[in-house]
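The values are calculated or read from the model by the stated rules, or taken from the named source; none is laboratory data. Quantities reported herein were computed from a predicted structural model and do not represent experimental measurements. Here the Cβ positions follow ideal geometry from the backbone for every residue, glycine too, while neighbour counts run over all protein chains shown. The accessibility values were calculated without ligands, DNA or RNA, using every heavy atom of the protein model including side chains. Shrake-Rupley method; radii C 1.70, N 1.55, O 1.52, S 1.80 Å.
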Amino acid sequence: MGKSLNANIGFESRFFNRLNLNMEYFYKRTTNMLFYKPVAISTGVASMPVNMGKLRNAGVEVEVDIDIIQHRDFIWNFRLNLSHVKNKILELPAENRENGIFPNVSGNYTKLMEGGSIYDIYLPEWVGLDSEWKYLWNVYDENGNLTGTTTDYTLAYTDESRRNVGSSLPKLTGGFNTTLAWKGFDLSAVFSYQLGGKVYDAVYAGTMQMSNYGQSFHKDILHAWTPENTNTNVPKLQYGYSYGSSASDRFLTSASYLNIRNLTLGYNIPRAAVRNLGLESLRVYATGDNLALFSKRKGFDPRQYDFGYSGFNYSPIRTVSLGFSVTL
């Protein structure tokens, strides 16, 4: 049974009657973690749940709220929150401390190493194209020494040749929003963001090869190798070349993003006008949700991935609506 030790310390403050600043440090240490450990297939199962190892999560959260302008006719407020988290594996079973553990889970390219993070991504190192048109990857021996390159992916995707190519854990996550009000008009904008981290874009990888007839391609396939276009990093477009979308750091993409989550513009009809209608107040507004997402690659949504792997998913629906609220 897993056990955890939690500790939090923080403070809240207000300055000049317009600036709020809250900070909190958190620490969590977990022992006897539940983990699906790979076992020999001869047992009849690929993995089994066991309690093993120790893990530490620590970080800081910050919230800032400032009234930039406080005036009878004009009010402007800004809020920001951010979170920074560090993750570290403190201990693994004795038999796994030297070589670590590759979780036997489809679409999981992480490796558990003592002193590392559960978010560390281990993949073959992509070098480029060989003198013809095929992908090249680095090959390492059991001591971690680089022995050369290969066009045979089976030699690159080994426990020895899969290297730590980054972490899916972002440096910062959070959001910010601002609110303005002027003579009956009000405007609010809400954003979320993420800075740092990497993710394997499986959808992009799948559209950069030709293993099946009738499939779609990414526009980058137009840069594929040809006798006239040898200065490229995209292999020749050839049916049956099964290594065209093989997992490597070639398809790692930045997980940073900025999302416009909501924009709302409203107007409160003057009371003198609405009282003639027998109303206390009347507000009309227009609002939009999930209006835009800015990321490394168009069509790529880094908000939805699991341990550095992003496959097919549905992004939140963009909606725009008009409305009004009435007080009788």
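Here are the numbers:
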read-out	value
Counted residues, segment 263-297 - those being within 43 Å of the chain's Cα centre (by Cα) and of a type outside the set (Ser, Thr, Tyr)	18
Segment 58-83, residues that are among the polar types (S, T, N, Q), open to solvent by less than 50 Å² (accessible area, probe 1.4 Å) and farther than 22 Å from Tyr267 by Cβ	Ser83
Selection count, segment 189-208, where residues are closer than 27 Å to Phe176 by Cα and hydrophobic (A, V, I, L, M, F, W, C)	5
Subset tally (residues that are free of Cβ contacts under 8 Å to residues at least 60 places away in the same chain and either closer than 17 Å to Asn233 by Cβ or open to solvent by 70 Å² or more (accessible area, probe 1.4 Å) (or both)) for segment 133-149	8
Any pair with Cβ under 7 angstrom, 6 or more apart, that starts in segment 1-18 at a residue that is at pLDDT below 90 and ends at one that is open to solvent by 100 Å² or more (accessible area, probe 1.4 Å)	Gly2/Leu34
Test result for Asp249, among the acidic types (Asp, Glu), open to solvent by less than 70 Å² (accessible area, probe 1.4 Å), under 30 Å from Trp133 (Cα atoms) and within 27 Å of the chain's Cα centre (by Cα)	yes
Filtered residues of segment 61-113 (kept if within 23 Å of Val199 (Cα to Cα) and in a strand (DSSP E or B))	Leu82, Ser83, His84, Val85, Lys86, Asn87, Lys88, Ile89, Ile101, Thr110, Leu112
Residue in segment 261-283 that is among the β-branched types (Val, Ile, Thr), touching a helix residue (DSSP H, G or I) at 6+ places or on another chain (Cβ under 9 Å) and touching a residue at least 40 places away in the same chain (Cβ under 8 Å) present	no
Selection status of Ile118, among the β-branched types (Val, Ile, Thr), modelled with pLDDT under 95 and assigned to a loop (DSSP other than H, G, I, E, B)	yes
Selection count, segment 277-328, where residues are under 30 Å from Asn164 (Cβ atoms) and not aromatic (Phe, Trp, Tyr)	16
